[in-house]
1. Within segment 116-158, take every residue that is under 17 Å from the mean Cα position of the chain (by Cα) and charged (D, E, K, R) and give me the one that is nearest to Gly189 (Cα to Cα).
2. From Ala12, Ala35, Ala24, Ala5, which residue is buried (at least 16 other Cβ atoms within 10 Å of the Cβ) and at pLDDT 95 or above?
3. Please verify whether Phe25 is touching an Asp or Glu at 6+ places or on another chain (Cβ under 7 Å) and either farther than 17 Å from Gly185 by Cα or not charged (D, E, K, R) (or both), treating the condition exactly as stated.
4. Sort out for me the strands (runs of 3 or more DSSP E) sitting completely within segment 120-190 that have 1 or more residues that are under 30 Å from Ala76 (Cβ atoms) and among the small types (Gly, Ala, Ser).
5. Considering only segment 53-77, state which residues are more than 17 Å from Phe20 (Cα to Cα), of a type in the set (S, T, N, Q) and out of contact with any Asp or Glu (no Cβ under 9 Å at 6 or more places or on another chain).
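The values are calculated or read from the model by the stated rules, or taken from the named source; none is laboratory data. Fair warning: this is a prediction, and the values are worked out from it, not measured in the lab. Here the Cβ positions follow ideal geometry from the backbone for every residue, glycine too, while neighbour counts run over all protein chains shown.
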Amino acid sequence: MATIASVTLDVADPSAAHHFYATAFGLDTQLRLRASNAPTTGFRGFALALTVSQPADVDALIGAALEGGATSLKPATKSLWGYGGVVRAPDGTIWKVATSEKKNTGPATRTIDDIVLLLGVADVVASKRFYVERGLVVAKSFSRVYVEFAAGAGPVKPALYRRRALAKDVGVAPDGTGSHRLTIGGDAGTFTDPDGYAWEAAVPATAP
């Protein structure tokens, strides 16, 4: 089963970005950062999601991110599916923090249960077929709307979302041009998928 070993974000200032992610989300080895000023405008096509166990953890993580310089795209609120909010990190990466629970069961621990890489794609069915052919295993599939692959031993779960639907979900306009500023490392090989997301061979990063 193919898995994601690492996610590399292209950022203008890797030191500043590392400080933000370590302080706001407690992420260190799960992310890799690379200096780049590759041109990009608007929505980059993807978002990273942090799944936690209760609303208190959502509030704690989003609060820390805002204190660290992130901007709010969607304030944390209850929804049909649980509780969550969305922020844009200082480097421009969009982060969704959410839980399926609507009530707290204890004090916030800021423990992250899962990291999900949401890839906005033009055709979910075609992209699902593309990735299955490269060894990824489907864990959840909702027709042409959403597909989540198994994480296996990797620290990050890959998932597919219609680009416009993902943009709406995270509170931004769907248009964007230029670099995704994202490289996905794993054991599926080195390739670029139909939506321009680059994959490269990589050794596993430490899981959270």
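1. Checking each candidate, the answer is Lys157.
2. Values: Ala12 fails: buried (at least 16 other Cβ atoms within 10 Å of the Cβ); Ala35 fails: buried (at least 16 other Cβ atoms within 10 Å of the Cβ); Ala5 fails: at pLDDT 95 or above.
Exactly one of Ala12, Ala35, Ala24, Ala5 is buried (at least 16 other Cβ atoms within 10 Å of the Cβ) and at pLDDT 95 or above, namely Ala24.
3. Working: touching an Asp or Glu at 6+ places or on another chain (Cβ under 7 Å): no; either farther than 17 Å from Gly185 by Cα or not charged (D, E, K, R) (or both): yes.
Taking the combined requirement at face value, the residue does not satisfy it.
4. On the way: elements: 138-142, 146-149, 157-162, 176-178, 182-186.
In segment 120-190, 138-142, 157-162, 176-178 are the strands (runs of 3 or more DSSP E) which contain 1 or more residues that are under 30 Å from Ala76 (Cβ atoms) and among the small types (Gly, Ala, Ser).
5. Of everything in segment 53-77, just one residue is more than 17 Å from Phe20 (Cα to Cα), of a type in the set (S, T, N, Q) and out of contact with any Asp or Glu (no Cβ under 9 Å at 6 or more places or on another chain), namely Thr77.
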